[in-house]
Amino acid sequence: MSKGFRLRAVFSVLAIATASLALAATAGAKGGGGVVVQARDACDPATFPAGLCARTDDSGGTVTFDELLAVVGKKHAHPAWRFTEDNVTVHRGEPVVAQFGRGGEVHTFSNVTATGFGPGCVDILNQLIFGKPDLAPVCNDIDPVAGVPKVFLADGLFPGRTISVDTSKPGTQLFECLIHPWMRTTVTVQ
């Protein structure tokens, strides 16, 4: 498969995921204390491939698609694409939730404790960060109806969706955005 075709295929999948996840959004705001981890980005809808950036404001500024790729190519991350908490420590049973924060792209908040931090589901970003386009194994499990990795449907963060972290047992859990694999959070339950 040519690199251009593969890149277009990835963008098509992400555009479909963005639309599918937005349609499937369910409200689930948590209250009563605990920790909220927000996914943030600064995508510029005028320069991102069609359907990938649903941003409606420019709070926090915007970054063009070319700027994103250039910075990720040099620094293996972009500071505007991040989770608001890198490390969270809570007591057993204390709520920890992840939610869409600011920006316009879909993110995932995927528990990667079993495999550790590593590549995500977007080959071009994996190439820039890890030097090879290989996808995380979970990315190859495609939903036959939506045509996107099942992990996007299970762990997708988009407006109105909240994902709760299981804090019932002590230990450390690793969470990563499998679209933007430099976005990482460690949750330690005491």
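The values are calculated or read from the model by the stated rules, or taken from the named source; none is laboratory data. In this text, all values refer to a predicted model and were calculated from it rather than measured experimentally. No Cβ is skipped: glycine too gets one built from the backbone with ideal geometry, and neighbour counts run over all protein chains shown.
Observations on the model:
- Subset of the stretch 134-161 (residues that are basic (K, R) and more than 12 Å from S110 (Cα to Cα)): R161
- Every listed requirement among (1) modelled with pLDDT of 95 or more; (2) in contact with a Ser or Thr (Cβ under 7 Å, 6 or more places away or on another chain) is met by K74 save one, (2).
- Residue that is surrounded by the fewest Cβ atoms within 10 Å (Cβ to Cβ), among those in the stretch 132-176 that are assigned to a loop (DSSP other than H, G, I, E, B) and touching a Phe, Trp or Tyr at 6+ places or on another chain (Cβ under 7 Å): P159
- Exactly one residue out of G73, G93 is farther than 15 Å from C177 by Cα and in contact with a Leu (Cβ under 7 Å, 6 or more places away or on another chain), and it is G73.
- Failed condition for V63, given (1) surrounded by fewer than 19 Cβ atoms within 10 Å (Cβ to Cβ); (2) modelled with pLDDT of 95 or more: (1)
- Residue selected from the stretch 91-123 under the condition crowded, with 17+ Cβ neighbours inside 10 Å and aliphatic (A, V, I, L, M), by the criterion farthest from T188 (Cα to Cα): V122
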